[in-house]
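Asker: This is the structure, below, for whatever I ask next.
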Amino acid sequence: MRWILAAALALAACAQQGDGPEAVVRDVYATATQAIEEGRVPYDYVPMTDELRGAIDEGAQIARQNNQPFIEGDLATGCQDCQSLTDLVIEVTSPPANGAATVEARFTVDGRQAQMVYTMRETAEGWRVDNITGPDGYDLRASVSSYVEGASRSCETEIGLVAAQRLVQRCIAVSPATHPPCNVQNNCDMIQAEIDRNCQPGDAPLAAECRAD
């Protein structure tokens, strides 16, 4: 999970026009690595397309109005309060063509191997991130869209208070996030997605919660 945004993300461009997609992603991780070494949380360091930034801004606004957490977890590393980022490998998996490219970042964060895939788009301002996905099912754009679409209906409304509270307790039990989206006022899909992201094969201590119906 990788989720960390709190109230809002005003994501600004950090790459110079003319930088290729790989260089843009390298800049993202250079900033993230330096921030981790200095013990601070970086903001405004992922250059995004207007469409993705607009979707995130809309979700953040809804979250503020509902006094809810939004994205919890650093967008580039997928963790909160990371202590180390090493073994970084960045590779262009789909070379630039027709204004699009794909860049993969593999790294070790706090002793755990991780991978992020960046969908890149070429804009008038240069190459920008249009989505971030991961092999564990993480999909930034889809998660934001799901939040915005489901914001008007709570899990309590969908399945009833008792069932929603059971789902929330499972979510809290398996999520390492400081402020996970485990709340009956969030939609059920968001809560279940947090459970699914953190229920990996071999997680024996969490087996009961992960197997729960």
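FYI, it's all coordinate maths here, none of it is from the lab. Only a predicted model underlies this, so the values are computations on that prediction, with no experimental measurement involved. Glycine gets a Cβ as well: all are built from the backbone with ideal geometry, and neighbour counts include every protein chain shown.
Asker: Rounded to the nearest 0.05, what FRET efficiency is calculated for GLN169 and THR86 with R0 set to 45 Å and r the Cβ-Cβ distance?
Answerer: Working from the Cβ atoms, E equals 0.80.
Asker: Could you pull out every residue, at least 5 positions away or on a different chain, whose amide H is within less than 5 Å of the one on CYS79? Hs are placed 1.01 Å off N in the peptide plane, and Pro or chain starts have none.
Answerer: Here ASP74 satisfy the definition.
Asker: If you don't mind, another one. For a quick check: with amide H placed at 1.01 Å from N, whose amide H comes under 5 Å from ASN131's, ignoring anything fewer than 5 positions away on the same chain?
Answerer: Amide H neighbours of ASN131, under 5 Å, 5+ apart: THR119.
Asker: Please report THR157, THR102 as a ranked list, fewest other C-beta atoms within 10 angstrom at the top and most at the bottom.
Answerer: THR157, THR102
Asker: Give the calculated FRET efficiency between GLU51 and GLN185 to the nearest 0.05, with a Förster radius of 35 Å applied to their Cβ-Cβ distance.
Answerer: 0.80
Asker: So, one more: Give me a comma-separated list of calculated 3J(HN,Hα) values for the range 160-170, in order, Karplus coefficients 6.51, -1.76, 1.60 applied at θ = phi - 60°, integers in Hz, x for any Gly or Pro.
Answerer: Karplus-based 3J(HN,Hα) across the range 160-170 equals x, 4, 4, 5, 5, 5, 5, 5, 5, 5, 5 Hz.
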